[in-house]
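*Asks:* Below: one structure in C-alpha coordinates.
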Amino acid sequence: MKKQYIMLSPSCIIRQFKTPHVYDAGKDELYEINKDAFKFLKLCDGSRLLDELTPDENFLAFCLSENILQLCSYQKITSLSKQPPVLLTPSLRYLEVQITNQCNLKCRHCYIEKHPPQNLSPTAIKKVLNEFNHLQGLKVLISGGEPLLYPQIEEILEFLKTLKLRKILLTNGMLICPSLISLLKSFHEIQISLDGLKNGHEYYRGKNTFHKAVQAIELCLQEDFDVSVATMLHPGNLVEIEQLSLLLHDLGVSRWGIDVPYNTNADAQNRFFGLTSQQAAPYLAFAYGGSYHGGNEGLSCGRHLCTIMPDGHVCKCGFYAKSPIGHIREGLAKCWARLTHIPLSRLDCKDCIHLEECGGGCRMRAENEKGTDPIMCAFYREKFAK
(Lines give C-alpha, C1' and ligand atoms only; values in the text may rest on other atoms or scores of the structure.)
Protein backbone atom coordinates (compact mmCIF):
# COMPACT_ATOMS: atom_id res chain seq x y z
CA MET A 1 0.00 0.00 0.00
CA LYS A 2 2.84 2.42 0.80
CA LYS A 3 4.06 2.23 -2.79
CA GLN A 4 0.80 3.66 -4.05
CA TYR A 5 0.00 7.27 -4.82
CA ILE A 6 -2.49 9.00 -2.57
CA MET A 7 -5.03 11.62 -3.52
CA LEU A 8 -8.09 13.39 -2.22
CA SER A 9 -11.25 11.77 -3.58
CA PRO A 10 -12.84 13.68 -6.47
CA SER A 11 -15.94 14.52 -4.43
CA CYS A 12 -13.95 16.02 -1.52
CA ILE A 13 -12.72 19.55 -0.94
CA ILE A 14 -10.63 21.06 1.85
CA ARG A 15 -12.13 24.08 3.59
CA GLN A 16 -10.81 26.51 6.17
CA PHE A 17 -13.34 28.07 8.56
CA LYS A 18 -12.44 28.91 12.15
CA THR A 19 -10.99 25.40 12.10
CA PRO A 20 -10.03 23.28 9.06
CA HIS A 21 -12.54 20.87 7.55
CA VAL A 22 -12.84 18.44 4.69
CA TYR A 23 -16.18 18.28 2.88
CA ASP A 24 -17.52 15.40 0.82
CA ALA A 25 -19.87 17.07 -1.67
CA GLY A 26 -21.20 13.73 -2.88
CA LYS A 27 -22.26 12.46 0.54
CA ASP A 28 -22.90 15.95 1.96
CA GLU A 29 -20.64 15.21 4.94
CA LEU A 30 -18.49 17.83 6.66
CA TYR A 31 -15.58 16.62 8.81
CA GLU A 32 -13.66 18.84 11.21
CA ILE A 33 -9.93 18.04 11.24
CA ASN A 34 -6.89 19.26 13.15
CA LYS A 35 -3.97 21.27 11.75
CA ASP A 36 -1.74 18.23 11.17
CA ALA A 37 -4.49 16.47 9.21
CA PHE A 38 -5.10 19.66 7.25
CA LYS A 39 -1.43 19.90 6.24
CA PHE A 40 -1.38 16.23 5.26
CA LEU A 41 -4.52 16.43 3.10
CA LYS A 42 -3.16 19.49 1.30
CA LEU A 43 -0.32 17.27 0.05
CA CYS A 44 -2.62 14.55 -1.24
CA ASP A 45 -2.78 15.62 -4.88
CA GLY A 46 -1.87 12.27 -6.44
CA SER A 47 1.78 13.23 -7.09
CA ARG A 48 3.26 11.60 -3.96
CA LEU A 49 3.62 8.05 -2.76
CA LEU A 50 2.00 7.24 0.54
CA ASP A 51 5.33 6.32 2.17
CA GLU A 52 6.63 9.83 1.39
CA LEU A 53 4.02 11.41 3.66
CA THR A 54 3.96 9.13 6.75
CA PRO A 55 0.47 10.10 7.95
CA ASP A 56 -1.07 9.12 11.26
CA GLU A 57 -2.20 5.53 10.72
CA ASN A 58 -5.57 5.92 12.46
CA PHE A 59 -6.38 9.07 10.50
CA LEU A 60 -5.34 7.41 7.25
CA ALA A 61 -7.52 4.38 7.96
CA PHE A 62 -10.47 6.65 8.71
CA CYS A 63 -9.99 8.66 5.50
CA LEU A 64 -9.77 5.51 3.39
CA SER A 65 -12.85 3.98 5.04
CA GLU A 66 -14.85 7.19 4.46
CA ASN A 67 -13.50 7.51 0.88
CA ILE A 68 -12.00 10.91 1.69
CA LEU A 69 -8.73 9.58 0.27
CA GLN A 70 -8.01 7.17 -2.55
CA LEU A 71 -4.94 5.14 -3.49
CA CYS A 72 -3.73 4.60 -7.02
CA SER A 73 -0.88 2.54 -8.49
CA TYR A 74 0.16 5.40 -10.78
CA GLN A 75 0.44 9.17 -10.55
CA LYS A 76 -2.94 10.79 -11.04
CA ILE A 77 -2.30 14.42 -10.22
CA THR A 78 -5.34 16.46 -9.21
CA SER A 79 -5.51 20.21 -8.86
CA LEU A 80 -5.76 21.40 -5.26
CA SER A 81 -6.21 25.12 -4.78
CA LYS A 82 -2.99 26.93 -3.92
CA GLN A 83 -4.75 30.25 -3.29
CA PRO A 84 -4.95 31.36 0.35
CA PRO A 85 -8.55 31.04 1.52
CA VAL A 86 -10.72 34.09 2.15
CA LEU A 87 -12.15 33.62 5.63
CA LEU A 88 -15.51 35.16 6.50
CA THR A 89 -17.09 35.39 9.95
CA PRO A 90 -19.58 33.83 10.09
CA SER A 91 -18.66 31.67 7.12
CA LEU A 92 -20.77 31.77 3.96
CA ARG A 93 -21.31 28.08 3.22
CA TYR A 94 -24.55 27.90 1.26
CA LEU A 95 -25.54 30.07 -1.68
CA GLU A 96 -28.89 30.09 -3.46
CA VAL A 97 -28.71 31.54 -6.97
CA GLN A 98 -32.07 32.42 -8.49
CA ILE A 99 -30.94 32.44 -12.10
CA THR A 100 -34.34 33.46 -13.48
CA ASN A 101 -37.72 34.73 -12.29
CA GLN A 102 -39.55 32.96 -15.14
CA CYS A 103 -41.78 30.03 -14.23
CA ASN A 104 -44.19 27.67 -15.96
CA LEU A 105 -46.55 27.51 -12.97
CA LYS A 106 -48.58 30.10 -11.07
CA CYS A 107 -48.51 28.73 -7.53
CA ARG A 108 -50.85 30.37 -5.05
CA HIS A 109 -48.20 30.63 -2.37
CA CYS A 110 -45.29 31.90 -4.49
CA TYR A 111 -43.45 34.77 -2.79
CA ILE A 112 -41.65 35.92 -5.96
CA GLU A 113 -43.28 39.13 -7.13
CA LYS A 114 -44.40 39.43 -10.73
CA HIS A 115 -41.85 41.35 -12.79
CA PRO A 116 -40.84 41.41 -16.43
CA PRO A 117 -38.59 38.42 -17.25
CA GLN A 118 -35.22 38.71 -15.52
CA ASN A 119 -32.25 36.40 -16.00
CA LEU A 120 -28.80 36.62 -14.48
CA SER A 121 -26.23 36.65 -17.25
CA PRO A 122 -24.07 33.53 -17.65
CA THR A 123 -21.02 35.74 -17.01
CA ALA A 124 -22.46 36.98 -13.72
CA ILE A 125 -23.39 33.46 -12.61
CA LYS A 126 -19.92 32.10 -13.34
CA LYS A 127 -18.22 35.02 -11.61
CA VAL A 128 -20.26 34.81 -8.42
CA LEU A 129 -19.88 31.01 -8.19
CA ASN A 130 -16.12 31.24 -8.65
CA GLU A 131 -16.01 33.81 -5.86
CA PHE A 132 -18.23 31.66 -3.63
CA ASN A 133 -15.86 28.75 -4.19
CA HIS A 134 -12.90 30.92 -3.18
CA LEU A 135 -14.83 32.08 -0.09
CA GLN A 136 -14.85 28.44 1.12
CA GLY A 137 -18.42 27.72 0.02
CA LEU A 138 -19.88 24.24 0.30
CA LYS A 139 -23.25 24.10 -1.50
CA VAL A 140 -24.86 26.04 -4.30
CA LEU A 141 -28.59 25.84 -4.89
CA ILE A 142 -29.67 26.71 -8.43
CA SER A 143 -33.24 27.97 -8.34
CA GLY A 144 -35.71 30.43 -9.85
CA GLY A 145 -38.54 30.81 -10.84
CA GLU A 146 -38.09 27.56 -12.65
CA PRO A 147 -34.34 27.31 -13.36
CA LEU A 148 -34.77 24.88 -16.26
CA LEU A 149 -36.42 27.73 -18.19
CA TYR A 150 -33.17 29.72 -18.09
CA PRO A 151 -32.24 30.51 -21.72
CA GLN A 152 -28.58 29.44 -21.39
CA ILE A 153 -29.17 26.55 -18.99
CA GLU A 154 -26.90 24.14 -20.90
CA GLU A 155 -23.99 26.59 -20.65
CA ILE A 156 -24.51 26.85 -16.89
CA LEU A 157 -24.74 23.09 -16.49
CA GLU A 158 -21.41 22.68 -18.27
CA PHE A 159 -19.82 25.29 -16.02
CA LEU A 160 -21.13 23.60 -12.87
CA LYS A 161 -19.13 20.49 -13.77
CA THR A 162 -15.93 22.49 -13.13
CA LEU A 163 -16.86 23.27 -9.51
CA LYS A 164 -16.25 20.83 -6.65
CA LEU A 165 -19.12 22.25 -4.63
CA ARG A 166 -22.27 20.30 -3.83
CA LYS A 167 -24.73 21.37 -6.52
CA ILE A 168 -28.48 21.23 -5.92
CA LEU A 169 -31.27 21.96 -8.39
CA LEU A 170 -34.53 23.34 -6.98
CA THR A 171 -37.31 22.65 -9.47
CA ASN A 172 -41.03 22.03 -9.77
CA GLY A 173 -40.19 18.98 -11.91
CA MET A 174 -42.51 19.82 -14.81
CA LEU A 175 -39.69 19.89 -17.38
CA ILE A 176 -37.76 16.83 -16.17
CA CYS A 177 -38.07 14.05 -18.75
CA PRO A 178 -35.87 11.25 -20.17
CA SER A 179 -34.46 13.51 -22.91
CA LEU A 180 -33.34 16.12 -20.35
CA ILE A 181 -32.15 13.98 -17.46
CA SER A 182 -28.67 13.30 -18.85
CA LEU A 183 -27.99 17.05 -18.94
CA LEU A 184 -28.61 17.29 -15.20
CA LYS A 185 -25.63 15.13 -14.21
CA SER A 186 -23.90 18.34 -13.08
CA PHE A 187 -26.05 18.14 -9.93
CA HIS A 188 -25.56 15.97 -6.87
CA GLU A 189 -29.11 16.53 -5.68
CA ILE A 190 -32.43 17.46 -7.24
CA GLN A 191 -35.10 18.91 -5.00
CA ILE A 192 -38.65 18.71 -6.36
CA SER A 193 -41.64 20.54 -4.92
CA LEU A 194 -44.55 18.29 -3.97
CA ASP A 195 -47.29 19.90 -1.91
CA GLY A 196 -49.40 16.90 -1.06
CA LEU A 197 -51.16 14.16 -2.96
CA LYS A 198 -53.13 14.99 -6.11
CA ASN A 199 -55.80 17.21 -4.55
CA GLY A 200 -53.51 19.08 -2.18
CA HIS A 201 -50.70 19.56 -4.69
CA GLU A 202 -52.89 20.71 -7.54
CA TYR A 203 -54.92 23.06 -5.35
CA TYR A 204 -51.80 25.24 -5.05
CA ARG A 205 -49.84 24.33 -8.18
CA GLY A 206 -52.51 23.79 -10.82
CA LYS A 207 -54.10 20.94 -12.73
CA ASN A 208 -52.08 18.06 -14.15
CA THR A 209 -49.01 18.85 -12.04
CA PHE A 210 -49.07 16.07 -9.43
CA HIS A 211 -48.33 13.08 -11.63
CA LYS A 212 -45.66 15.03 -13.53
CA ALA A 213 -43.91 15.88 -10.26
CA VAL A 214 -44.05 12.26 -9.05
CA GLN A 215 -42.77 11.01 -12.41
CA ALA A 216 -39.89 13.48 -12.16
CA ILE A 217 -39.02 12.13 -8.71
CA GLU A 218 -39.11 8.56 -9.96
CA LEU A 219 -36.97 9.36 -13.00
CA CYS A 220 -34.34 11.18 -10.93
CA LEU A 221 -34.18 8.26 -8.49
CA GLN A 222 -33.79 5.80 -11.37
CA GLU A 223 -30.84 7.87 -12.57
CA ASP A 224 -29.22 7.66 -9.09
CA PHE A 225 -29.65 11.29 -8.12
CA ASP A 226 -29.96 12.18 -4.48
CA VAL A 227 -33.60 13.34 -4.46
CA SER A 228 -35.20 15.60 -1.89
CA VAL A 229 -38.73 16.98 -1.70
CA ALA A 230 -40.00 20.34 -0.48
CA THR A 231 -43.58 20.65 0.77
CA MET A 232 -45.52 23.73 1.79
CA LEU A 233 -48.35 23.20 4.25
CA HIS A 234 -51.78 24.65 3.50
CA PRO A 235 -55.37 23.93 4.58
CA GLY A 236 -55.93 21.61 1.62
CA ASN A 237 -53.04 19.20 2.22
CA LEU A 238 -52.96 18.63 5.98
CA VAL A 239 -55.12 15.50 5.67
CA GLU A 240 -52.69 14.16 3.03
CA ILE A 241 -49.38 14.59 4.87
CA GLU A 242 -49.39 11.15 6.51
CA GLN A 243 -50.04 9.39 3.18
CA LEU A 244 -47.51 11.63 1.45
CA SER A 245 -44.96 10.55 4.06
CA LEU A 246 -45.56 6.90 3.16
CA LEU A 247 -45.24 7.67 -0.55
CA LEU A 248 -41.92 9.49 -0.16
CA HIS A 249 -40.43 6.77 2.02
CA ASP A 250 -41.58 4.11 -0.46
CA LEU A 251 -40.02 6.04 -3.34
CA GLY A 252 -36.70 6.41 -1.51
CA VAL A 253 -36.58 10.21 -1.19
CA SER A 254 -33.55 11.07 0.99
CA ARG A 255 -34.77 14.34 2.51
CA TRP A 256 -38.16 15.89 3.04
CA GLY A 257 -38.42 19.52 4.01
CA ILE A 258 -41.78 20.82 5.24
CA ASP A 259 -42.47 24.50 5.71
CA VAL A 260 -45.30 26.97 6.01
CA PRO A 261 -45.68 29.56 3.22
CA TYR A 262 -45.52 33.13 4.36
CA ASN A 263 -47.74 35.74 2.71
CA THR A 264 -46.07 39.13 3.06
CA ASN A 265 -49.17 40.88 1.69
CA ALA A 266 -51.69 39.30 4.07
CA ASP A 267 -52.93 40.61 7.38
CA ALA A 268 -51.76 38.98 10.59
CA GLN A 269 -54.79 36.67 10.71
CA ASN A 270 -54.07 35.17 7.31
CA ARG A 271 -50.31 35.42 6.86
CA PHE A 272 -49.82 31.65 6.80
CA PHE A 273 -52.33 31.17 3.97
CA GLY A 274 -55.26 30.29 6.18
CA LEU A 275 -53.38 28.11 8.68
CA THR A 276 -52.83 28.95 12.30
CA SER A 277 -49.48 28.11 13.82
CA GLN A 278 -51.23 25.54 16.03
CA GLN A 279 -52.72 23.83 12.97
CA ALA A 280 -49.44 23.70 11.06
CA ALA A 281 -46.99 22.82 13.84
CA PRO A 282 -47.76 19.07 14.27
CA TYR A 283 -47.07 18.37 10.60
CA LEU A 284 -43.52 19.74 10.68
CA ALA A 285 -42.56 16.59 12.58
CA PHE A 286 -43.00 14.49 9.43
CA ALA A 287 -39.91 16.11 7.84
CA TYR A 288 -36.71 14.09 7.77
CA GLY A 289 -33.14 14.18 6.51
CA GLY A 290 -32.04 17.54 7.85
CA SER A 291 -31.81 21.06 6.47
CA TYR A 292 -29.29 22.57 4.08
CA HIS A 293 -28.41 25.66 6.08
CA GLY A 294 -27.86 24.25 9.58
CA GLY A 295 -26.70 26.45 12.38
CA ASN A 296 -24.08 27.16 14.97
CA GLU A 297 -22.13 30.06 16.47
CA GLY A 298 -25.14 31.22 18.51
CA LEU A 299 -26.72 33.16 15.65
CA SER A 300 -30.27 33.22 14.33
CA CYS A 301 -31.27 32.08 10.83
CA GLY A 302 -29.16 33.11 7.86
CA ARG A 303 -25.84 32.54 9.63
CA HIS A 304 -24.33 30.63 6.69
CA LEU A 305 -26.71 31.33 3.79
CA CYS A 306 -27.58 34.09 1.36
CA THR A 307 -29.47 34.39 -1.92
CA ILE A 308 -28.66 36.00 -5.26
CA MET A 309 -31.79 37.34 -6.93
CA PRO A 310 -32.37 37.27 -10.73
CA ASP A 311 -31.52 40.99 -10.92
CA GLY A 312 -28.17 40.41 -9.20
CA HIS A 313 -29.09 41.76 -5.78
CA VAL A 314 -27.80 39.87 -2.76
CA CYS A 315 -30.30 39.17 0.02
CA LYS A 316 -30.41 37.36 3.33
CA CYS A 317 -32.81 34.94 1.62
CA GLY A 318 -35.52 35.12 -1.03
CA PHE A 319 -38.05 36.47 1.47
CA TYR A 320 -35.85 39.57 1.86
CA ALA A 321 -35.91 40.59 -1.81
CA LYS A 322 -37.15 44.07 -0.86
CA SER A 323 -34.20 44.71 1.46
CA PRO A 324 -31.03 43.63 -0.38
CA ILE A 325 -27.60 43.96 1.21
CA GLY A 326 -25.87 44.78 -2.06
CA HIS A 327 -25.32 43.70 -5.65
CA ILE A 328 -22.99 41.03 -7.00
CA ARG A 329 -21.13 43.63 -9.06
CA GLU A 330 -19.63 44.78 -5.72
CA GLY A 331 -18.43 41.30 -4.89
CA LEU A 332 -20.08 38.65 -2.75
CA ALA A 333 -17.71 39.08 0.23
CA LYS A 334 -18.44 42.80 0.49
CA CYS A 335 -22.19 42.18 0.46
CA TRP A 336 -21.95 39.37 3.03
CA ALA A 337 -20.03 41.69 5.37
CA ARG A 338 -23.08 44.01 5.49
CA LEU A 339 -25.48 41.31 6.66
CA THR A 340 -26.53 41.70 10.27
CA HIS A 341 -26.42 38.38 12.10
CA ILE A 342 -28.64 38.48 15.17
CA PRO A 343 -27.31 36.57 18.21
CA LEU A 344 -29.77 34.16 19.78
CA SER A 345 -29.06 35.90 23.08
CA ARG A 346 -30.81 39.04 21.78
CA LEU A 347 -34.05 37.37 20.75
CA ASP A 348 -37.21 37.78 22.81
CA CYS A 349 -37.18 34.00 23.29
CA LYS A 350 -33.58 33.92 24.60
CA ASP A 351 -34.64 32.17 27.81
CA CYS A 352 -36.54 29.37 26.05
CA ILE A 353 -35.19 25.92 26.88
CA HIS A 354 -35.58 24.91 23.22
CA LEU A 355 -33.68 27.86 21.76
CA GLU A 356 -30.47 26.01 20.91
CA GLU A 357 -32.31 23.28 19.01
CA CYS A 358 -34.84 25.65 17.43
CA GLY A 359 -32.30 28.29 16.43
CA GLY A 360 -34.90 31.02 16.79
CA GLY A 361 -36.84 29.89 13.74
CA CYS A 362 -37.42 32.14 10.72
CA ARG A 363 -36.85 35.88 11.18
CA MET A 364 -39.33 36.71 8.44
CA ARG A 365 -42.09 34.77 10.19
CA ALA A 366 -41.34 36.56 13.45
CA GLU A 367 -43.27 39.77 14.05
CA ASN A 368 -40.04 41.77 14.25
CA GLU A 369 -36.26 41.33 14.10
CA LYS A 370 -36.03 39.99 17.65
CA GLY A 371 -39.49 38.47 17.93
CA THR A 372 -40.58 34.87 18.15
CA ASP A 373 -41.43 32.64 15.21
CA PRO A 374 -44.99 31.50 15.99
CA ILE A 375 -44.69 28.37 13.85
CA MET A 376 -41.58 27.09 15.61
CA CYS A 377 -42.90 28.05 19.04
CA ALA A 378 -46.04 26.02 18.38
CA PHE A 379 -43.97 23.13 16.98
CA TYR A 380 -41.82 22.85 20.11
CA ARG A 381 -44.82 23.19 22.41
CA GLU A 382 -46.46 20.32 20.49
CA LYS A 383 -43.26 18.25 20.37
CA PHE A 384 -42.56 18.35 24.10
CA ALA A 385 -46.15 18.24 25.29
CA LYS A 386 -46.32 14.55 24.40
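The values are calculated or read from the model by the stated rules, or taken from the named source; none is laboratory data. Source: prediction; values computed, not measured. Methodologically, a virtual Cβ is constructed for each residue, glycine included, from the backbone with ideal geometry; neighbour enumeration extends over all protein chains shown.
*Asks:* Would you be able to say whether some residue in the range 32-45 is under 27 Å from the mean Cα position of the chain (by Cα) and either surrounded by fewer than 14 Cβ atoms within 10 Å (Cβ to Cβ) or in contact (Cβ under 8 Å) with a residue 40 or more places away in the chain (or both)?
*Replies:* Within the range 32-45, one or more residues are under 27 Å from the mean Cα position of the chain (by Cα) and either surrounded by fewer than 14 Cβ atoms within 10 Å (Cβ to Cβ) or in contact (Cβ under 8 Å) with a residue 40 or more places away in the chain (or both).
Yes or no, residue by residue, for (1) under 26 Å from the mean Cα position of the chain (by Cα); (2) closer than 29 Å to residue 303 by Cα; (3) assigned by TED's automatic domain parsing to the domain that holds residue 310:
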site: 12; (1), (2), (3): yes, yes, no
site: 53; (1), (2), (3): no, no, no
site: 68; (1), (2), (3): yes, yes, no
site: 88; (1), (2), (3): yes, yes, no
site: 110; (1), (2), (3): yes, yes, yes
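*Asks:* What number goes with the only condition from (1) surrounded by 13 or more Cβ atoms within 10 Å (Cβ to Cβ); (2) charged (D, E, K, R); (3) in contact with a Gly (Cβ under 8 Å, 6 or more places away or on another chain) that residue 106 does not pass?
*Replies:* Going through the list (1) surrounded by 13 or more Cβ atoms within 10 Å (Cβ to Cβ); (2) charged (D, E, K, R); (3) in contact with a Gly (Cβ under 8 Å, 6 or more places away or on another chain), residue 106 breaks only (1).
*Asks:* Looking at 231, 264 in this structure, which one is polar (S, T, N, Q) and either modelled with pLDDT of 95 or more or outside the structural domain of residue 104 (by TED's automatic domain parsing) (or both)?
*Replies:* Answer to the selection: 231.
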